[in-house]
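Here is the structure we will look at.
The values are calculated or read from the model by the stated rules, or taken from the named source; none is laboratory data. Being a predicted model, the structure only gives us computed values, none of them experimental. Note: ideal-geometry Cβ built from the backbone for every residue, glycine included; neighbour counts use all protein chains shown. Side chains included, ligands, DNA and RNA excluded: accessible areas come from the protein's heavy atoms. Shrake-Rupley method; radii C 1.70, N 1.55, O 1.52, S 1.80 Å.
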Amino acid sequence: MAKYGKKNEVKLDPLSYNLALIGESGIGKTTIIKKYCEKLAGEDGYLFLEIGKEDGADAIDGIVYENAPDWDTFDDIINDIVTNKISDYPQLRVVVIDTYDELFRIAEPEVVRMHNVENTEKPVKSIKGAFGGFQAGEDKCIEIVLDKLWSLKDVGVSFIVIGHTKTKNVDDPVTGESYMQLTTNMSQKYFNAIKTKVHFLGVAAIDRKIVKEKTGKKDFVTKKEITKGVVKGETRKITFRDDNFVIDSKSRFADIVEDIPMEADALINAINDAIEKERSKSGRKLSDDKDRQEKAEAEKLKEIAKAERDKKEAKKLEDIISKITDFIKENKSNMDKIKPIIAAAKNLGYDNPTVITKIEDAKKVLALIS
């Protein structure tokens, strides 16, 4: 039997997949993602991180959020979730980054700081010069951002990113022709870093119906009647696929619908339908897959809980050993104080107090110091 290689089984839970939603400011991205999360995870199952200067949560009643104005705060929040997922965040299933472009804005100063700590003789002030330049600073920025997001996935918490859009000219790589595209408003390098990682990338936009109407006036030169475009109606929609590539959307699921109304239920249905169409290709029963995945998820949570307990125990042991070591260093000239500690460690089966491996034993030795 081959040592490597395994068959993938499509997960049924929409929150198992990375989702990005970009759109113009004020179109309703935060609102629809809030409703999406509440419907799938419950009111206690999600957390919005208002990154940098974002303050969209201020206008949405009942949203569960936390401000992360700078990288240190963002780092602290993510670390706390990862460290205490089971004990303090048992129901948390998804963290929303609002917005992704602001996340890189606060990450860049952190990369500059990291460079200056490692290169005290050649400090820089800009991301452009960090870590040798030639976009190495931007690469490091991408690295620390993705590492943080993936640390959430390690403890069973998914992420959703929200971003802004703009229109820009794009050159077709085959024909060389230029065309307008609705895409991100941030650095293409940063955007591509997440675009290649998400399973669903939706672009929220306003679809306007514009008709030509006569003005009753004639052009002085051409003598033709002047017309003007009048908006007769508009709808908000999310696009997942655009065969003309005018909208910079994407999905890893082949059978997702091209676009949907900008509503939480429509978003959930579109993703669920895409998942089911792919899953059904296996020929397995839906009920069997559901039961198997629920059991696997329960086992995974047990493993995460055990890993969390082990890390906390290891940290406690490390802290106690550190106190014992500090005491020995402070009293190295007074063997009368040190001998009882060394003797106690030997009685417990250790060559010296600094190599104790059980927290119960370390506490016994620490008690002699106290």
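Listed values, structure above:
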| read-out | value |
| --- | --- |
| Which numbered condition ALA296 fails, given (1) without any contact (Cβ under 8 Å) to a residue 60 or more places away in the chain; (2) open to solvent by 80 Å² or more (accessible area, probe 1.4 Å); (3) closer than 30 Å to SER16 by Cα | (2) |
| Boolean, LYS290 is out of contact with any Gly (no Cβ under 8 Å at 6 or more places or on another chain), touching a residue at least 24 places away in the same chain (Cβ under 8 Å), part of a helix (DSSP H, G or I) and charged (D, E, K, R) | yes |
| Qualifying positions in the stretch 132-147 - of a type in the set (D, E, K, R) and open to solvent by 20 Å² or more (accessible area, probe 1.4 Å) | ASP139, LYS140, GLU143, ASP147 |
| Strands (runs of 3 or more DSSP E) fully within the stretch 14-131 counting 2 or more residues that are in contact (Cβ under 8 Å) with a residue 40 or more places away in the chain and either under 19 Å from ALA193 (Cβ atoms) or open to solvent by less than 20 Å² (accessible area, probe 1.4 Å) (or both) | 19-23, 46-51, 94-98 |
| Residue list for the stretch 234-250, filter: at pLDDT below 65 and either open to solvent by less than 80 Å² (accessible area, probe 1.4 Å) or hydrophobic (A, V, I, L, M, F, W, C) (or both) | ASP242, PHE245, VAL246, ILE247, ASP248, SER249, LYS250 |
| Test: LYS323 is farther than 30 Å from THR83 by Cβ and either of a type outside the set (A, V, I, L, M) or part of a helix (DSSP H, G or I) (or both) | no |
| Condition check for LYS6: over 17 Å from ALA270 (Cα atoms) and out of contact with any helix residue (DSSP H, G or I) (no Cβ under 9 Å at 6 or more places or on another chain) | yes |
| Check on SER370, at pLDDT 90 or above and of a type in the set (Gly, Ala, Ser) | no |
| Residue in the stretch 4-19 that is in contact with a Leu (Cβ under 8 Å, 6 or more places away or on another chain), at pLDDT below 95 and more than 25 Å from LYS290 (Cβ to Cβ) present | no |
| Subset of the stretch 251-262 that is surrounded by 17 or more Cβ atoms within 10 Å (Cβ to Cβ), out of contact with any Ser or Thr (no Cβ under 9 Å at 6 or more places or on another chain) and of a type outside the set (A, V, I, L, M) - its residue that is nearest to LYS29 (Cα to Cα) | SER251 |
| Criterion violated by ALA266 - all others in (1) of a type in the set (Gly, Ala, Ser); (2) modelled with pLDDT under 90; (3) surrounded by 12 or more Cβ atoms within 10 Å (Cβ to Cβ) satisfied | (2) |
